[in-house]
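The values are calculated or read from the model by the stated rules, or taken from the named source; none is laboratory data. All figures in this text were calculated on a predicted structure; none of them were measured in a lab. Heads up, the Cβs are rebuilt from the backbone with ideal geometry, glycines too, and the neighbour counts pull from every protein chain shown. These area figures cover heavy atoms from the full protein model, side chains too; ligands, DNA and RNA do not enter into them. Shrake-Rupley method; radii C 1.70, N 1.55, O 1.52, S 1.80 Å.
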Amino acid sequence: MKRHDLPFELPATGLGTWQMRGEDAERGVREAIELGYRLIDTAAAYHNEKAVGAGIRSSGIDPGELIVVTKFPEEDAGRERDVLRTSLDLLGIGQIDLWLIHAPLDAAGSLRIWERFIEAREEGLVRAIGVSNFLPQQVDELIEASGVAPAVNQIAFGPHYYDAVTAPHHAARGIALQAHSPFSENDLAHPVLRTIADKYGCTVRQVLLRWHRAHGIPTVAKSLSRTHLTENLDATGHPLDPADVAALDGLGINPTPGQQA
Ligand SMILES: NC(=O)c1ccc[n+]([C@@H]2O[C@H](COP(=O)([O-])OP(=O)(O)OC[C@H]3O[C@@H](n4cnc5c(N)ncnc54)[C@H](OP(=O)(O)O)[C@@H]3O)[C@@H](O)[C@H]2O)c1
């Protein structure tokens with residue numbers, strides 16, 4: 001298996017842009033960069049790459065300081081190069097930092113897309129390639145068939161989806177796990193989450209982000225509010241005690257044997 005270590009570090013919190021459109025997307029991206037965000041996550045399927053690109057330019061940031069992630073819609077299989085060129089044009093950049101297959105097809109279908117991804121990286125059109133929403137078994141099938149491990153798998157990974165298998169599985173293969181939807185894919189009203197938030201005097205969303213930090217898993221979170229953007233970027237809060245991390249791990253719908261309530 002060939003490992004392709006990421007040529008950059010994934011920041012603890014990146015900006016998600018799903019459902020951001022037009023002027024809102026442009027302003028949201030610009031404000032996030034001004035506040036210190038250094039990873040922007042978009043996708044061809046979000047239909048906002050043009051606005052995201054405008055936000056990046058209007059922030060005035062040196063593009064070399066930013067990690068731009070976009071995703072290839074798996075239903076466009078066979079049109080990889082056209083879609084990539086369109087993403088580059090709309091974003092207005094010369095190279096994508098991280099290009100992801102948005103979701104898996106069957107093993108043969110994912111492999112065909114992956115081969116085009118490998119070519120794009122070899123040609124320097126993208127700096128790193130990865131996948132999204134792949135299960136460990138689908139990651140293994142891709143590696144076995146292509147000999148090339150994805151640099152990243154972006155998945156919904158929070159206390160609600162916690163299992164003790166996925167993170168070590170990915171780490172053993174040199175794959176960085178990146179969690180999307182840290183808030184919308186978790187039960188914000190769960191009493192365990194509430195109790196822990198009260199203990200630390202913080203919000204349930206801050207507890208979730210601290211849980212990700214405790215596991216060393218970077219996130220992409222979306223916000224159009226300056227206050228929320230600032231709150232989500234703030235890493236200075238008290239780290240969670242190991243017992244609280246374990247209590248949140250125990251909420252998983254795939255809990256480790258012995259952790260099930
Ligand atoms: N790879 C994939 O298939 C996939 C799937 C889903 C998502 N993603 C990526 O992950 C990103 C994040 O996921 P998401 O957009 O589903 O949801 P999310 O980031 O989990 O939650 C976003 C929601 O939470 C609110 N929010 C954010 N910070 C807050 C705070 N500090 N206090 C109160 N409310 C807050 C936002 O509203 P305000 O705007 O009002 O703050 C928004 O309604 C997406 O934007 C996308 O980039 C990827």
To the nearest 20 debye, the chain has a Cα-centred charge dipole, built from +1 on Lys and Arg Cβ and -1 on Asp and Glu Cβ, of 300 debye
Taking a ≥ b ≥ c as the square roots of the Cα gyration tensor eigenvalues, with a/c under 1.5 meaning rounded and otherwise prolate when a/b beats b/c or oblate if not, segment 103-148 comes out prolate
Once the dipole of segment 127-213 is set up from charges on Cβ (+1 Lys and Arg, -1 Asp and Glu), the residue from the list Q206, A171, V152 lying farthest towards its positive end is Q206
Of every hundred units of 1.4 Å-probe accessible area on segment 29-172, the number belonging to carbon and sulfur atoms, as a percent, is 49 percent
Here the convex hull volume per residue of segment 120-201, taken over Cα atoms and given in Å³, is 123 Å³
Among R21, R205, R226, the residue with the largest mean-square fluctuation in a Gaussian network model of the chain built from Cα contacts under 10 Å is R226
When the charge dipole of the chain is computed with +1 at the Cβ of Lys and Arg and -1 at the Cβ of Asp and Glu, the Cα pointing farthest to the positive end, of V29, Y162, A108, is that of V29
Surrounding charge for L209, neighbours by C-beta under 15 angstrom, Lys/Arg +1, Asp/Glu -1, total 0
Note to self: with every protein chain in place and a 1.4 Å probe, the chain gives an accessible area per residue in Å² of 45 Å²
Note to self: Kirkwood Rh of the chain, Cα pairs, one decimal, Å, is 18.8 Å
Kirkwood-based Rg/Rh on the Cα set of segment 39-95 evaluates to 0.97
With bins of 10 Å, the percent of all Cα-Cα pairs of segment 62-114 per bin from 0 is 24, 50, 22, 5
In a Gaussian network model of the chain with springs linking alpha carbons closer than 10 Å, the residue among A171, A32, A12 that fluctuates most is A171
Shape descriptors of segment 22-149 over alpha-carbon atoms, Rg and Dmax in angstrom, are 14.9, 43
One finds the C-alpha centres of segment 40-99 and segment 106-171 to be spaced, in Å, by 19 Å
Checking G92, G22, G147 against a Gaussian network model of the chain (alpha-carbon springs below 10 Å), the top fluctuating residue turns out to be G147
